[in-house]
1. Just a yes or no: is a residue in the stretch A:146-154 closer than 24 Å to A:GLY112 by Cβ and of a type outside the set (Gly, Ala, Ser)?
2. What do you reckon, is B:VAL30 among the aliphatic types (A, V, I, L, M) and either within 16 Å of A:LEU54 (Cβ to Cβ) or within 14 Å of chain A (Cβ to nearest Cβ) (or both)?
3. Can you confirm whether A:GLY47 is within 24 Å of B:MET104 (Cβ to Cβ), away from every other protein chain (no Cβ under 14 Å) and modelled with pLDDT under 95?
4. Looking at A:SER92, A:SER61, can you tell me which residue is small (Gly, Ala, Ser), away from chain B (no Cβ under 12 Å) and out of contact with any helix residue (DSSP H, G or I) (no Cβ under 6 Å at 6 or more places or on another chain)?
5. Which one of these is touching a residue at least 24 places away in the same chain (Cβ under 8 Å), touching a Cys at 6+ places or on another chain (Cβ under 6 Å) and part of a loop (DSSP other than H, G, I, E, B): A:GLY20, A:GLY38, A:GLY10?
6. Picking from A:THR25, A:THR33, A:THR103, A:THR52, which residue would you name as being farther than 25 Å from A:ALA136 by Cα and buried (at least 16 other Cβ atoms within 10 Å of the Cβ)?
7. Only one of B:GLY17, B:GLY47 is surrounded by fewer than 23 Cβ atoms within 10 Å (Cβ to Cβ), among the small types (Gly, Ala, Ser) and closer than 22 Å to B:GLU100 by Cβ; which?
Number of protein chains: 2
Amino acid sequence: MKLSPFFQKGFCLWFTGLSGAGKSTVSSAVHHTLREHGIANVELLDGDEVRTHLTHGLGFSRADRDTNVLRIGWVCQLLVKHSVPVMTAAISPYRETRNEVRTMVERVGGKGAFIEVFVNASVEECARRDVKGLYAKAMAGEIPQFTGVSDPYEPPEQAEIELNTASESEEESVVKVVRYLDEHAYISGVED
Amino acid sequence: MKLSPFFQKGFCLWFTGLSGAGKSTVSSAVHHTLREHGIANVELLDGDEVRTHLTHGLGFSRADRDTNVLRIGWVCQLLVKHSVPVMTAAISPYRETRNEVRTMVERVGGKGAFIEVFVNASVEECARRDVKGLYAKAMAGEIPQFTGVSDPYEPPEQAEIELNTASESEEESVVKVVRYLDEHAYISGVED
């Protein structure tokens, strides 16, 4: 696979899914792949950096979760407005709020600039992995308002890309995303 | 005056000064001038938009003021990192905090990418204008923690640009900023 470093316009790859579904892993891998092929100007809004600089102090109420998502979304539209491709991975559990971000991004980047990537793994699968030990705590009632356990997750109805991280490899997920970008002329020169 | 639409790299024009000193007026005018001369990709982080999407809910304690400034600064460095010139106008009263932003911006944009613009007008002058009627209220003790009246403002010690809005016209201030950008090769082709 090769990518030519040619972007027509900015776009926003918005990874959504449960904690532990693989959002950060796949988004990092896509970012790495794009950079490896010479596309250096893609911003990955890293979870830690976003929490430190942008959303510090927000909690898990519906209002705070929405503020979190809309604030990240606002930064994404700012980058897209200036033709900078951006990727971000936030649980973003509410459909309506994600759609607000879609509207913001498409307002500046045009239709298609918001690419929702549903990282689909069931609660059971995420709890089985439980990389950070959070599901065990949530299921024991030690973490209130934990998405998928004691707080809602509303899956996208028509995500542009769906990744099934329980049945496909990380590389397969990456290829799906890159193919999408190629097919929609955001990147070019992809070869297998 | 003519500008050629050629930017070498991103930069951050950081307007600081008292409420009513003219930060928004001059920064808007510079933005307008640059756009008029074909430089369309300059972001002006507008006060209202920033308050709505980025810093909503923050108050006037030292901690909240710092969070406000650092959050705007973080967004500025993100744009500069991707070669997008950005302008912003926040009171940003604390020297140390502005210097933290300087460090963040220069880390990605290189030395010189942070351009501090001190919009210098005295409290007396700002209170005389009192466009929003805030100084009268602050001086009557109706607004606590009002910068310059009941809260500190630490002027820059070595601002790259100083505007004296009491003695110079808006156009003169704009020309100072544009000349600076030209002399430092951020823009080119400026003619009188």
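1. From the stretch A:146-154, those closer than 24 Å to A:GLY112 by Cβ are A:154; that's our starting set.
Next cut, of a type outside the set (Gly, Ala, Ser) only: A:154.
Yes - at least one qualifying residue is present in the stretch A:146-154.
2. On the way: among the aliphatic types (A, V, I, L, M): yes; either within 16 Å of A:LEU54 (Cβ to Cβ) or within 14 Å of chain A (Cβ to nearest Cβ) (or both): no.
Answer is no for this residue.
3. Numbers: within 24 Å of B:MET104 (Cβ to Cβ): yes; away from every other protein chain (no Cβ under 14 Å): yes; modelled with pLDDT under 95: yes.
So A:GLY47 fits the description; yes.
4. On the way: A:SER92 fails: out of contact with any helix residue (DSSP H, G or I) (no Cβ under 6 Å at 6 or more places or on another chain).
The match here is A:SER61.
5. Values: A:GLY38 fails: touching a Cys at 6+ places or on another chain (Cβ under 6 Å); A:GLY10 fails: touching a Cys at 6+ places or on another chain (Cβ under 6 Å).
Step by step, each of A:GLY20, A:GLY38, A:GLY10 is checked, and only A:GLY20 is touching a residue at least 24 places away in the same chain (Cβ under 8 Å), touching a Cys at 6+ places or on another chain (Cβ under 6 Å) and part of a loop (DSSP other than H, G, I, E, B).
6. A:THR33
7. Working: B:GLY17 fails: surrounded by fewer than 23 Cβ atoms within 10 Å (Cβ to Cβ).
Within the list B:GLY17, B:GLY47, the selection yields B:GLY47.
Every residue, every condition in (1) at pLDDT 95 or above; (2) under 23 Å from A:ILE39 (Cβ atoms); (3) surrounded by 15 or more Cβ atoms within 10 Å (Cβ to Cβ), yes or no:
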position	(1), (2), (3)
A:ARG71	yes, no, yes
A:LEU78	yes, yes, yes
A:PRO93	yes, no, yes
A:VAL131	no, no, no
A:ALA140	yes, no, no
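The values are calculated or read from the model by the stated rules, or taken from the named source; none is laboratory data. Because the structure is predicted, anything quoted here is derived from the model rather than measured. When we count neighbours, we look across all protein chains shown, and the Cβ atoms used for this are built from the backbone with ideal geometry, even at glycine.
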